[in-house]
Amino acid sequence: MKVRIRGAGVAGLTLAHELATRGASVTVVEERKQIAGNASWQAGGMLAPWCERESAEEMVLSLGRDAADWWSAALPGHVMRNGTLVVAPARDAGELDRFGRRTSGFREVDADTIAALEPDLEGRFGRALFFTEEAHVDPRKAMLGLQQKLVQLGVRFEFGYGAVLAPGEPDIEADCTGLADPSPGLRGVRGEMLILRTSDISLARPVRLLHPRVPVYVVPRSGNLFMVGATMLESDVTGPTTARSVMELLNAAYALHPAFGEAELIETGVGVRPAFADNLPRVERDGNTIRINGLYRHGFLLAPEMARQATDMILGHKTKKELAHEAHR
């Protein structure tokens, strides 16, 4: 079975992994010159199905519950299973209660437990929600690591508009190009993020700071880096990060800990996430074309399950050659 995958974001890479490990011959075609710059590259990398349930359907929890196990199996050593801590300023304590009512899989912890989990947050919050089973990855390291593994598995990568395709037509083509896919009903949701660097604070896990207007998350990465995100704007504009978003994200990081006020602003980024009206992903087939799309803000969380579903669909679908052979029997 020859499969050509269009798009080397998290959807395309996870699909390539599922297909290659099940014996398919895979080529990945990406219009960019490298694996960088797409919405997946700007992601937080949180594998947080219980937290995401706060603003998502139950399906996000059920589809994403095993994501950390998938990433651990695919890329041993990349997954950090330290849970998620959800906090709120005292004036916004009602937001913490609301978040708890809409989610599950957590235990409520007091100030002493917060200090034990995150010593640098000692004395800053009176209580929090601790989602013990959640995890996170560095999305950039994960994508590059997955590409390296796929090459070792025999997957061929072609980059740039002038990419030379493997000879012969594929049996199946998989469209994982996000907003470039003309699927009806698809819209863009713009997310903006910052990367800060400081050695004055250390976090062991993603921390979500609740606010009625601008809730944010801070995700620790190696090298004293912290990803702060993310806005959600109903827009497919890919231009630079706005001054308003930078100010809001920086203010939120400062509210989490004043040390972020002295941090270096290393990078700002924008990713436009593809979403359908219900904000749920879809795997669809149209003849010999398979589409994975609508991952919205849940790319790393839901891509493994979407890749499994698409692989089952591809390997269980009769190819043009098989159909032609049956027709001549």
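Could you please tell me which pairs satisfy a Cβ distance under 7 Å, a separation of 6+ or placement on different chains, a first residue in region 85-109 that is farther than 14 Å from Cys51 by Cα, and a second residue that is small (Gly, Ala, Ser)?
Note: pairs meeting the criteria are Pro89/Ala255; Ala90/Gly126; Val109/Ala128.
Quick one: which helices (runs of 4 or more DSSP H) lie wholly within region 65-118 and hold at least 3 residues that are surrounded by 19 or more Cβ atoms within 10 Å (Cβ to Cβ), modelled with pLDDT of 95 or more and within 24 Å of the chain's Cα centre (by Cα)?
Working: elements: 67-74, 93-102, 111-117.
Hits in region 65-118: 67-74.
List pairs: first residue in region 1-24 and at negative phi, second residue in a strand (DSSP E or B) and among the hydroxyl-bearing types (Ser, Thr, Tyr) anywhere in the structure, Cβ distance under 6 angstrom, at least six positions apart or on different chains.
Partner pairs satisfying both residue conditions: Lys2/Ser25; Arg4/Thr27.
Could you list, in sequence order, the residues of region 210-258 that are open to solvent by less than 50 Å² (accessible area, probe 1.4 Å), assigned to a strand (DSSP E or B), of a type in the set (A, V, I, L, M, F, W, C) and within 17 Å of Arg297 (Cβ to Cβ)?
Val216, Val218, Val219, Met227, Val228
The values are calculated or read from the model by the stated rules, or taken from the named source; none is laboratory data. Every value quoted in this text rests on a predicted model; they were computed, and no experiment measured them. Virtual Cβ from ideal backbone geometry, glycine too; neighbours counted across all protein chains shown. For the accessible areas, the whole protein counts, side chains as well, though only heavy atoms, and no ligand, DNA or RNA atoms are used. Shrake-Rupley method; radii C 1.70, N 1.55, O 1.52, S 1.80 Å.
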